[in-house]
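Below is one structure, written out as structure tokens; the observations come after it.
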Amino acid sequence: MLISKSNFLIVGIAKSGLSATKQLLLRGGKCMVYDDSNSDFISKSIQELLMLGAVDARTDIDSAINWCDIVVISPGVPIDHKIPLTAKRLRKRVIGELELGSLLIKSPIIAVTGTNGKTTTCSMLTEILNKAGEKAISVGNIGSPICENVDNLTENTYAVTEVSSFQLESVHSFCPHIAVVLNITPDHLSRHYNMDNYVYLKKRILTNMRESEFCVLNYDDEKVREFSKTARCKVVFFSLKEKISGCYVVDGNIYYMGEFIMPTSEIALSGAHNLENVLASICVSKILDIDTSAICDAVENFNGVKHRIELVKEIDGIKFYNDSKATNPDATIKAINSMTVPTVVILGGKDKGLSFDELFNKISSSCITHAVLTGENRYSLLDSSKRSGFDSVTVTGDFESAVKIAEMECEKGGAVLLSPASSSFDMFSGFEARGEAFIKIVLSLDE
């Protein structure tokens, strides 16, 4: 791709689109920009790009599609959106920001995907590598697009890249040195239509990998384990249940290829899901010949990421936990499994077409004493609660009221857990904004 001789249409001018356009303009590319949102952030971003030489495509998108050679889409733009579909019919190239960024950098890429645990694993890996004296930067879906970090991602720096199914819709040549697939459970089915499509997209992370690359796969997840059968790259497994070729647990101790690494009791994070994240991180670290002592030091001191089962405050004997990053039922089930006291859970958000029956079956046999249902999908949640026989619920359309109701329903010595099992886009710009709103409301309860 010769950028200086190409015409680009960038669709979706949030973080990814903004940084992609800047990189293309810096390299002499001719750029038109388009976004159908009228938010203040998008308007300001487009104005900034127009001042740098981009052209506004919002007045005549059809002409922009005809004019361009390449369409660059942000993760929020589905591959079956009318713009990329039209572009493909006109034989235009359609790529995502992830693909573009990977073409612009010199760094070896460690790509992490899966339904849950991506951010924790990327953050932990980056911590391990930096503690070992390597240079590593967390990029991608974790919140900092690759294109935003091009200048810092040199050949001596690892790009630890969180990769979502949305991003994998538009990859073609993307080839990480190490790919990690943590797990696959139902998510984003309103966009991907069915589970088969979702699994197919996750598998695309391995498409271009060959014998000189590695993939790290969860042996305990049958769907993920199946990826090994067609992988051309070297396969390393991790498992909580089996002694396999890779990283595993025996009698409370972690081993990698027979080498003792550390006791599980020394891990700072709690929960089986976090132990899986640790095993995956150890696999990657050992593939890169990172010293065991550096791995242990980082893992022992890693306390997790913001908005993931994060203790906000204890007020009048009630602990408030922010798990806003739980955007699907499986993530919420993992959070519920980590609770050890009577807990009121706040559920609900954007309707992604997911079933909540399994979640409420779990709630019925857990330490959850009450569920406050809010958000766009609150009545879908209510239907699932009825089917499970869990009737200790309150329904409200207001997020602040949900938090206050949860406090009232919680007994002293218990906990309030925001773990929505849903994305946030019905009320918020992202799970971070939802988590910050929760924190603000909780802190106001103590005033």
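For Val139, the residues 5 or more places off, or on other chains, whose built amide H falls under 5 Å of its own are Val160, Thr161, Glu162.
What does DSSP give for the chain in terms of the percent of beta bridges that are antiparallel, rounded to the nearest 5?
Once the DSSP bridges in the chain are tallied, antiparallel ones form about 20 percent.
Quick one: work out the % antiparallel among DSSP beta bridges in region 343-447, nearest 5. Percentage antiparallel, nearest 5: 10.
Annotation: amide H-H contacts under 5 Å for Val235 (H modelled 1.01 Å from N, sequence separation of 5 or more, or interchain): Cys215. Pop out the Kirkwood hydrodynamic radius of region 310-384 from its pairwise C-alpha distances, inverse of mean 1/r, in Å to one decimal. About 12.9 Å, per the Kirkwood formula over Cα pairs.
Beta bridges from DSSP with both residues in region 1-125: antiparallel share about 0 percent, rounded to the nearest 5.
For the pair region 69-110 / region 263-333, the C-alpha centres are spaced 32 Å from each other. For Lys313, the residues whose modelled amide H falls within less than 5 Å of its own, excluding neighbours fewer than 5 places apart on the same chain, are Phe320.
Remark: region 225-239, residue by residue, has Karplus-estimated 3J(HN,Hα) of 4, 4, 4, 5, 5, 10, 5, 8, 7, 5, 10, 10, 9, 10, 7 Hz, where x stands for each Gly or Pro and the curve is 6.51 cos²θ - 1.76 cosθ + 1.60 at θ = phi - 60°.
For the listed peptides 354-362, 417-425, a ranking on the average number of other beta carbons within 10 Å per residue, highest first, reads 417-425, 354-362.
What the phi angles of region 85-90 give under the Karplus curve with 6.51, -1.76 and 1.60, with θ = phi - 60°, is a coupling list of 5, 5, 4, 5, 5, 8 Hz, glycine and proline written as x. With the gyration tensor restricted to C-alpha atoms of region 105-301, the semi-axes of the equivalent ellipsoid amount to 24, 21, 15 Å, longest first.
With charges only on Cβ, +1 for K and R and -1 for D and E, what is the dipole size of the chain about its Cα centre, in debye, rounded to 20?
It comes to approximately 1480 debye.
For region 379-447, applying the loop criterion from DSSP together with a ceiling of 15 other beta carbons within 10 Å to the trypsin sites (Lys or Arg not before Pro) yields Lys412.
From most to least packed by mean Cβ count within 10 Å, the peptides 289-298, 335-344, 214-223 give 214-223, 335-344, 289-298. Farthest towards the positive end of the charge dipole of region 253-393, among the residues Asn253, Val341, Ser388, is the Cα of Ser388, using unit charges on the Cβ of Lys, Arg, Asp and Glu.
Volume of the convex hull of region 343-444 (Cα atoms only), normalised per residue: 86 Å³. Taken along its three principal axes, the alpha carbon spread of the chain comes to 65, 53, 40 Å, from the longest extent down to the shortest. From the residues Ala326, Leu359, Ser424, which one has its Cα farthest along the dipole of region 326-447 in the positive direction, the dipole being from +1 and -1 charges on Cβ of Lys/Arg and Asp/Glu about the Cα centre? About the Cα centre, the residue reaching furthest to the positive side is Leu359. A simple rule links phi to the HN-Hα coupling: the Karplus curve 6.51 cos²θ - 1.76 cosθ + 1.60 with θ = phi - 60°, which for region 387-404 gives 5, 7, x, 8, 10, 8, 9, 10, 10, 8, x, 10, 5, 5, 4, 4, 5, 5 Hz, with x for Gly and Pro. For region 15-126, the alpha-carbon radius of gyration amounts to 1.17 times the rule-of-thumb value 2.2 N^0.38 Å expected for a compact globular protein.
None of the figures in this text is laboratory data; all of them are computed from the coordinates on show. This one's a predicted model, so the numbers in the text were calculated from it and none came from an experiment. Every residue, glycine among them, receives a Cβ derived from its backbone with ideal geometry; neighbour counts consider all protein chains shown.
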